[in-house]
Every structure is written in structure tokens, then in C-alpha cells.
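Colleague: So that we are looking at the same thing, I have put the structure below in C-alpha cells.
The values are calculated or read from the model by the stated rules, or taken from the named source; none is laboratory data. Since this is a predicted model, take the numbers as computed values, not measurements. Cβ placement follows ideal geometry from the backbone for every residue including glycine, while neighbour counts extend to all protein chains displayed. Protein only, heavy atoms only, side chains kept; ligands, DNA and RNA dropped before computing areas. Shrake-Rupley method; radii C 1.70, N 1.55, O 1.52, S 1.80 Å.
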Amino acid sequence: MPIIFRDVSFSYNVKSPLEHLALSHLNFEIPTGSFLAIVGRTGCGKSTMVQQINALLHPTQGEVDVDGFINSSDRKKRTKNVKDLRRRVGLVFQFPEYQLFEETVLKDVAFGPKNFGMKKEEAEQAAKEALAKVGLDESFYERSPFELSGGEKRRVAIAGVLAYHPDYLIVDEPTAGLDPKGAFEMMDLFASIHQAGTTLILVTHDMNLVLRYCDRVLVFDHGELVANDTPQSFFQSDMDRYSLETPALYRFLQEMKAKGLDIDSSSIEDLDTLADAIVKARASK
Amino acid sequence: MPEAILEVKDLHFSYEAGKETLKGISFSVPKGSYACVIGHNGSGKSTLAKCIMGLNSTFKGDVLLFGEKLSPSSVYRLRSRIGIVFQNPDNQFVGSTVADDIAFGLENTQVPTEQMEEIIHSFAKQVGMEDFLEHEPQMLSGGQKQRVAISGVLAMKPSLIIFDEATAMLDPKGKKEIYALVERMRQENPDLTLLSITHDVEEAANADQVIVINDGNIVYSGTPKEVFSHEKELKEISLHVPFFFALKRRLEDRGLEIPEDVDSLPLLEDYLCR
């Protein structure tokens, strides 16, 4: 079942002088099995939006429906079983490595599943499986999470969410501060989790990651949903007005168009298909 | 050959005994040129930067700055001719306003107060921050912060500026601001030598010389054109090739002849549209 936003608005500090409308009349669906990107400039409402999905924030108006779990502005309609909702929707915050707290890596990763009601042995088994998924072997089990490298810590934190098998995984800027190699390794990890059947929701500023991994992109600006599109089609629109960086390949296509060579972009996915299209466009000129 | 501003000769460095982080690095950077050292995290490029800046002093081999050997007795004198822009813009502010911050280095070198205002204004102008002199550095965007840091460095009239991952924490807009500024600085000061330690290959596409480091060794060194012709080999060490070079090679593979003088993306666009 999809995640459905029905006319969701949200304001911070309601009925105070600091009242601020952060989300405005959002209507959209996130189909099960998507690899979705959420993009937009800093302060556009991306993080506020994802916190509506697992009920860390409640809408000021409208409702969010996650597999029948309702997060509504109306208290009476809200699902009582928030814990079950949060088990299904895993949320990895930005810089999750700062949330580690246990004595050992294994205990830290097992904390989530234990909290959601698994027995100690079950939780440890789940933790071991999650650690294997993020590429950390048993030599890490008994180490303190605080003595690991930055990248390893982040993997431990992500394993802590994977360990309770969420149906939906929301990751907020998971590649911030990583070099290109580290960023692609991290994204390949999410791609494999997505392949295994988890719906992936990625909040990011990096359009190259959107192009490479995501099948759909939601664009936010000043709390409004301004585009719900495929990355390929969105990148051909005017992205500058949302302060988003057009990937090099699409910027090039736009320049070429402006300079008078119209390239058929329908089949372009990467540099090789771009080169094919250029050769074709020149031949038919 | 113009005189070498920086020469590195057979540089070795170890953090722990028996395990070398730098395994014999040699290169030289001529006066007025722009060199980029690229490599992914853990390649040894930051260690190399620290050796050149005199922050790692226990290296073997030689670092020559302005023709003089870097040593404990020469390091302070040599460093006074080098400007360094670090990765995290928040870690390099000392003043409570942009103007104070640019003034800090000048005060340290006893520039008379009456001259200072004019100097500060002219260097803030060079980086396009003259309207922000009374602003608090904390309130600026990442790109603006790095521009202030660069103006503070320029005000010291260095012969060599080292950028140590200076754009790594900036968003795409901030990065572009800095690249444009570097381009302008080079046009305005033809004698200024720049060394950038980076993992951004698009930046390296604009350099005169690219040095690729992997596992403590130089694996490629030369002009961007030479270095980035090794697309496959670079991919094996997790480095990609700038858009222009990657596309040009693919077009040539498809039988398109592209003249020598088409050596930048705008020129390639023009050529293809002709």
C-alpha cells in the first residue's frame, strides 16, 4: 500500500507570534517499492514533511495515511498504535552517527528491535543480520561505537534502523560529509536494501545521486510541492528557480539546445547514450 | 622553465612505524601555475598537504618552498609567504565581523591602522564581499564564508595559496562561487601560485597540472588532458573523469573528430553546433 498525503498543511508554533507555515496543502502518493528523492533548498520543508510520515509531527490540517495508519490533524482519527507505525517507517536522521550511545556496536544495533518487543536473542540475531547488510563483520560486535571511524559509525546507526525491518526507509542526507567514493558506497547499500523490497525515501541536495538511483522526485519550495516527476523529465525543466543544481549532463543538453543543436533526449541515460544522441543529431542536421 | 615555487622530492611519511602513508612523492609547481592534487579519502593527499604546510615535520625527503628547504628553522619564515584555506569555513574565523576577520592577519604583521581600512576594503572587494564588512561571519552562507577566508589570505599578499579541501563542505552554488573567484584571482595576479588538494575532479579540469595520488604514490601527473585520458584506470581507484573529458572521449570513440584547440566544454558545445 502506498503512503498518501491528503491536503496536509503544517505550521510551527501555532497561535503564537512565531507561527510559521512549513507545509502547505500537500497532496501526493508514494507508491510501495519506489526509490523516491525529496529535494529542495534548505528550509523548504523536506525534513518537516518526512517527520509527518512516522508521526513525529502531526499535521495542522489534513492527514497522512501509511498502510491504514492515520496521522491526522484530528486527534480522534489518529492511530493509537504509533509504535507499530514507527517500526514500519524507519527514519535515519542527518549525521546519525551522533545518536550512538551503547557500550558495544551489537548492543547499539539491537536496541531498536528490543524496543519494538523482540526478545534479547532475537534482537541480537536481527542486529547481526543488519550489521552484515551494512558491511560490518563480527569483529565489530564487541567494539565501542565511539572508537570507530566516521563512516563506520554511520553504518552502525543505519544498521540500528534496518534491524527492525522497516517497510519504508527514510534517509535524510545520508551522504553529507562523505567523499564521492564513500557516497556511492553508501548509496549502493540503499540500492540493495531497495532491491530487497523496502520502499526508499531519500532526502538529498545531490542531483547526481537522484539521477543515478531514484525513479521519482518530489520537489519542495517554500512548503509547497512544486513538482512530482521522473528525474529525467524534471532535470530538463528550469531547476535554477528552486536553487537546485542541474546535473552536468542535463546542463549540457540545455546549452546545446540554446546554441541550436536539438538533441533527442528521450533515450539519454548516461554519457554513452548522450554521445550516441549527439552523433545522431549531427548526422541528421 | 619558470622558477619552481614548490618542489617535493622523494617524500616519505609514516604515522606508525613500518607503515608508510606517503611512499616517495616527487613533483614541482612552477611560479604562477595552478596545480590540483586529487585522490579519495585515505589516499594520502591530506598527509601530503600537512607536510607541505609544515604541520607534519617528521617526513623523509625534501620539501622546497621558494627554493628553500622546509625545516624546523625555516618553517615560520616560509609559512609567512603561504596562505592556507581550510576545509571547514566555521573553524577559521577569529573576528566578530567580516572586516575584523580580514584585519586579523594584518594586525599580526603590524600594518599601520590608518592603512588598514583601505586594504580591508580593497581585498573584500576582490572577493565580492565589500557589502558585508560589518556582518557577523556566522550569518554568512558557506560560499561567502570561504570568500572571506580567501580575502583574509589575499590581504597577506602570499606567493602561494594552498586550498585544503576548501570546497568539500560547500553546496553546489558555494563551489561555483569559489571556482569563479579562483579564476579571477589568477587573471588579476599572474604570479600567484595555487595548490589545491581536492576530491572534486571538475575543479581539477581547470588546473594547469593534475597530480593523482593513490595509496601514498603518485599514479598520474600531467595536464588535465593527459591525466584524464586514463578514464578506466582512474575509475579503478574510484575517481571519475570531468564531464568534458568523458564526453569528448566518447564522441571520438564514435568516430567524431574533435580539433586540438577545442579544449573546454563551452568550446565543445560551439564546435558540435557548428
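Colleague: With only Lys, Arg, Asp and Glu charged, each at its Cβ (+1 for the first two, -1 for the last two), find how big the charge dipole of the stretch A:201-285 is about the Cα centre; round to the nearest 20 debye.
Modeller: 340
Colleague: Could you tally the net charge around residue A:144, taking each other residue with its Cβ under 14 Å from the Cβ of residue A:144, Lys/Arg +1 and Asp/Glu -1?
Modeller: Neighbour charge sum, excluding residue A:144 itself: -4.
Colleague: Share of antiparallel DSSP beta bridges in the stretch A:160-240, in percent to the nearest 5?
Modeller: Restricted to the stretch A:160-240, the bridges split so that about 50 percent are antiparallel.
Colleague: Could you identify which residue out of B:204, B:35, B:168 has the top mean-square fluctuation in a GNM of chain B using Cα springs shorter than 10 Å?
Modeller: Maximum among the listed residues: B:168.
Colleague: Could you check which residue among B:94, B:85, B:148 shows the biggest mean-square fluctuation in a GNM of chain B with a 10 Å Cα cutoff?
Modeller: So, out of B:94, B:85, B:148, the one fluctuating most is B:94.
Colleague: Any idea what the dipole of chain B comes to, in debye rounded to 20, about its Cα centre with Lys/Arg Cβ at +1 and Asp/Glu Cβ at -1?
Modeller: Here chain B has a charge dipole of around 700 debye.
Colleague: Here is a follow-up. Taking beta carbons within 10 Å but only from partner chains, what does the mean come to for residues A:243-250?
Modeller: 3
Colleague: Given a 1.4 Å probe and heavy atoms of the protein chains only, how would you sort B:199, A:222, A:205, largest accessible area at the top?
Modeller: Largest to smallest exposure gives the sequence A:222, A:205, B:199.
Colleague: So which aspartates and glutamates can residue A:114 reach, going by Cα to Cα under 12 Å and dropping same-chain residues fewer than 8 places off?
Modeller: Those aspartates and glutamates meeting the cut-off are A:122, A:124.
Colleague: Quick check: at a probe of 1.4 Å, how many percent of the accessible area of chain B sits on carbon and sulfur atoms?
Modeller: Solvent-exposed carbon and sulfur of chain B make up 49 percent of the total.
Colleague: Which residue, B:56, B:217, B:189, tops the fluctuation ranking in a GNM of chain B built on C-alpha contacts under 10 Å?
Modeller: Largest GNM mean-square fluctuation: B:189.
Colleague: Of the beta bridges DSSP finds with both residues in chain A, what % are antiparallel, to the nearest 5?
Modeller: 55
Colleague: Roughly how tilted is helix A:105-115, in degrees to the nearest 10 and between 0 and 90, from the longest Cα axis of chain A?
Modeller: 80
Colleague: Given only helices, namely DSSP H runs of n ≥ 4 each adding -39500 (n - 2.57), what is the per-residue ellipticity at 222 nm of the protein assembly as shown, to the nearest 500 deg cm²/dmol?
Modeller: Using -39500 (n - 2.57) per qualifying helix, the result is -11000 deg cm²/dmol.
Colleague: Skip the ligands, DNA and RNA, and give the accessible area per residue of the stretch A:129-285 with a 1.4 Å probe, whole Å².
Modeller: 44
Colleague: Within 10 Å of each Cβ in peptide B:243-253, how many partner chain Cβ atoms are there on average? Round it to a whole number, please.
Modeller: For this peptide, the per-residue mean of nearby foreign Cβ atoms is 4.
Colleague: Turning to a different aspect of this structure: Between residue A:267 and residue A:15, what's the calculated FRET efficiency when r is the beta-carbon distance and R0 is 41 Å? Round to 0.05.
Modeller: Given R0 = 41 Å and the Cβ-Cβ separation, E is 0.15.
Colleague: Same structure again: Under the definition of partner shielding as Cβ atoms of other protein chains within 10 Å of a residue Cβ, what is the mean value for peptide A:255-264?
Modeller: 3
Colleague: Follow-up question, since we're still on this one. With the crude spin-label approximation of a point 7 Å out along Cα→Cβ, what separation in nm comes out for residue B:68 versus residue B:258?
Modeller: My value for the distance between the label points is 4.5 nm.
Colleague: Here's another thing I want to ask about it. Give the residue from B:152, B:96, A:31 lying farthest towards the positive end of the charge dipole for the protein assembly as shown; charges sit on Cβ (+1 for Lys and Arg, -1 for Asp and Glu) and the dipole is referred to the Cα centre.
Modeller: A:31
Colleague: Considering only protein heavy atoms, with the full assembly of protein chains and a 1.4 angstrom probe, order B:109, B:223 by accessible area, largest first.
Modeller: Result of the area sort, largest leading: B:109, B:223.
Colleague: Share of antiparallel DSSP beta bridges in the stretch B:129-274, in percent to the nearest 5?
Modeller: Expressed as a percentage, antiparallel bridges in the stretch B:129-274 total about 50.
Colleague: Here's something else I'd like to know. Between chains A and B, what is the buried accessible area summed over both chains (1.4 Å probe, protein heavy atoms, nearest 100 Å²)?
Modeller: What A and B bury together is about 2100 Å².
Colleague: In a shell of Cβ-Cβ distance under 14 Å around residue B:69, excluding residue B:69 itself, what net charge do Lys and Arg (+1) and Asp and Glu (-1) give?
Modeller: Cβ neighbours under 14 Å give a net charge of 0.
Colleague: Follow-up. Run the quick spin-label model on residue A:102 and residue A:283: label points 7 Å from Cα toward the beta carbon, then report their separation in nm to one decimal.
Modeller: A separation of 6.0 nm, rounded to one decimal place.
Colleague: Now, a different point. Given the peptides A:135-144, A:249-258, A:191-200, B:238-247, arrange them by the average over their residues of other C-beta atoms within 10 Å, most packed first.
Modeller: B:238-247, A:249-258, A:191-200, A:135-144
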